[in-house]
Structure formats: C-alpha cells, structure tokens
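Q: Take a look at this one; I'll ask things after.
Coordinate-derived values only; no laboratory data. For clarity, every value in this text was computed on a predicted model and none was experimentally measured. Here the Cβ positions follow ideal geometry from the backbone for every residue, glycine too, while neighbour counts run over all protein chains shown.
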Amino acid sequence: MTSVPYEEEPDDHWAQEVADTFQWRPGPGGQWVFEGTCPFCHHKMFRAISDAVLVDDLRAAPGAGTATLDILVSCNCRGEHAGCPEGKSGCGRYGGLKLEL
C-alpha cells in the first residue's frame, strides 16, 4: 500500500465517514475505544474515551434516552507519512464528530 504524505487538515467528509464506519468496543482502564480504518490513508486508527466522560454526558440528558458527545478525532495510525512532524502520528486528517450515545 502506498502511503500518503502528512497533511494536517480538517475534513468534514472524512469525519462523517469515520462516524458512519467506526465501531465501539470496551477498552482497558475504564475506557471505550472508537476504532476503524482512516478513510484517507486506510491505516487502522482509534480514539479512546473514558467511561467518566460517557457517563457525564448521559447524566446531562436525563430521560432523553440518548445523549450526544462532541469529540475531535484525528488519524493516529502508525503508518509512515512523509512530512509527519516529530512527536505526531497519522496522516494529519481530523474532524469533529457529534456521536449519539
């Protein structure tokens, strides 16, 4: 697979595809992990969110049956991307998501 160069750029279409295709799973230490394949570089990536954040958001919407969580997600894959700044990972794509819980 050919790797794409690093380019830090917000992308609403990228974020929507992440929201539509990623899956939740329980993670270590009281976290939930939102994971899938980056729509841009096609490497595996994830976003971990603590149980406390999820519980707080659900408490904020009592009786509603659902709550929304606004999060920022960025590609944090371990693939190599030319031009990626030291200390960063991923291809640089990111976006805000509004997830229904």
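Q: Using the beta-carbon distance between Trp24 and Ser3 and R0 = 25 Å, what value does 1/(1 + (r/R0)^6) give for FRET efficiency, to the nearest 0.05?
A: E(calc), rounded to 0.05, equals 0.35.
Q: What ³J(HN,Hα) values, in whole Hz, does the Karplus curve 6.51 cos²θ - 1.76 cosθ + 1.60 give for segment 31-39 when θ = phi - 60°, with x put for Gly and Pro?
A: With coefficients 6.51, -1.76 and 1.60, one gets 10, 10, 10, 9, 9, x, 10, 4, x Hz.
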